[in-house]
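Undergrad: The structure that follows is given in the form of structure tokens.
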Amino acid sequence: MKTMAMGMAMAAAGLVATSVNAQPRPLPLGPDGSGSATGIAIGAKPASELLEGCAGFVGEEANFEVQVDTERPSLRLRIESPPPSDAVLVVQLPDGSYRCNDDASPQDFQSQLDIENPALGTYRVWIGTFTNPSFTLSVSSPPRETPPPES
């Protein structure tokens, strides 16, 4: 598990987020297509600056980068944060577009994004917050099943 810590400083004009890691960190996936990281996410940048309608606040830079280098049927990114926290998940896809999620469902206040047939490339991941900033990011992407050889 990797730990990402972000600090926050108060300025006279408002909040200023300062990241211990100025650049996104790679989050390697294991042979089974999964990986995880824990940390604290604090940011003052409105997530809506990345994607209109996206709620919450994120850091200036992505927290993690996930590299998809083999074809897979799906990619799931999920944030688990302890109550009463409310995390937000923003992902930039390899084509430059963004996806955002605040609550996986009306009953599930954790953030989750499912991407079917993910494109090969780098997925930049921002983890933001409304309240308590601690989180665990889980990534899973099962390998594509190869059909049995024809006889």
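The values are calculated or read from the model by the stated rules, or taken from the named source; none is laboratory data. Since the structure is predicted, the reported quantities are computational estimates derived from the model, not experimental observations. Cβ: placed from backbone, ideal geometry, glycine included. Neighbour counts: every protein chain shown.
Undergrad: Just to check your reading of the model, which residue among Pro94, Pro46, Pro83, Pro73 is of a type outside the set (Phe, Trp, Tyr) and surrounded by 14 or more Cβ atoms within 10 Å (Cβ to Cβ)?
TA: Pro94
Undergrad: Follow-up. It is to be established whether one or more residues within region 57-75 are in a loop (DSSP other than H, G, I, E, B), at positive phi and in contact (Cβ under 8 Å) with a residue 40 or more places away in the chain.
TA: Here is the first cut: in region 57-75, the ones in a loop (DSSP other than H, G, I, E, B) are 59-63, 69-73.
Those left that are additionally at positive phi: none.
Scanning region 57-75 turns up no residue that is in a loop (DSSP other than H, G, I, E, B), at positive phi and in contact (Cβ under 8 Å) with a residue 40 or more places away in the chain.
Undergrad: Test Ala37 against the stated conditions and say whether it is at pLDDT 85 or above and either in contact with a helix residue (DSSP H, G or I) (Cβ under 9 Å, 6 or more places away or on another chain) or closer than 21 Å to Ile115 by Cα (or both). Steps first, answer last, please.
TA: Details: at pLDDT 85 or above: no; either in contact with a helix residue (DSSP H, G or I) (Cβ under 9 Å, 6 or more places away or on another chain) or closer than 21 Å to Ile115 by Cα (or both): yes.
Criteria not met by Ala37.
Undergrad: Between residues in region 95-108 that are in a loop (DSSP other than H, G, I, E, B) and modelled with pLDDT of 80 or more and residues that are surrounded by 10 or more Cβ atoms within 10 Å (Cβ to Cβ) and of a type in the set (Gly, Ala, Ser), which pairs lie under 7 Å by C-beta distance while being six or more apart or on different chains?
TA: Between residues of region 95-108 that are in a loop (DSSP other than H, G, I, E, B) and modelled with pLDDT of 80 or more and residues that are surrounded by 10 or more Cβ atoms within 10 Å (Cβ to Cβ) and of a type in the set (Gly, Ala, Ser), the close pairs are Asp95/Ala119; Asp102/Ala55; Asp102/Gly56; Asp102/Ser111.
Undergrad: If I filter region 121-135 down to residues being touching a Ser or Thr at 6+ places or on another chain (Cβ under 9 Å) and either surrounded by fewer than 22 Cβ atoms within 10 Å (Cβ to Cβ) or not in a strand (DSSP E or B) (or both), which single residue comes out as modelled with the highest pLDDT?
TA: Residue satisfying both the conditions and the ranking: Phe130.
Undergrad: Something else about it: Go through (1) at pLDDT 90 or above; (2) surrounded by fewer than 13 Cβ atoms within 10 Å (Cβ to Cβ); (3) part of a strand (DSSP E or B) and name the single condition Leu89 misses.
TA: (2)
Undergrad: Now, a different point. On the basis of being within 20 Å of Thr38 (Cα to Cα) and assigned to a loop (DSSP other than H, G, I, E, B), does Ser138 make the cut? Before the answer, list the steps.
TA: On the way: within 20 Å of Thr38 (Cα to Cα): yes; assigned to a loop (DSSP other than H, G, I, E, B): no.
So Ser138 does not fit the description; no.
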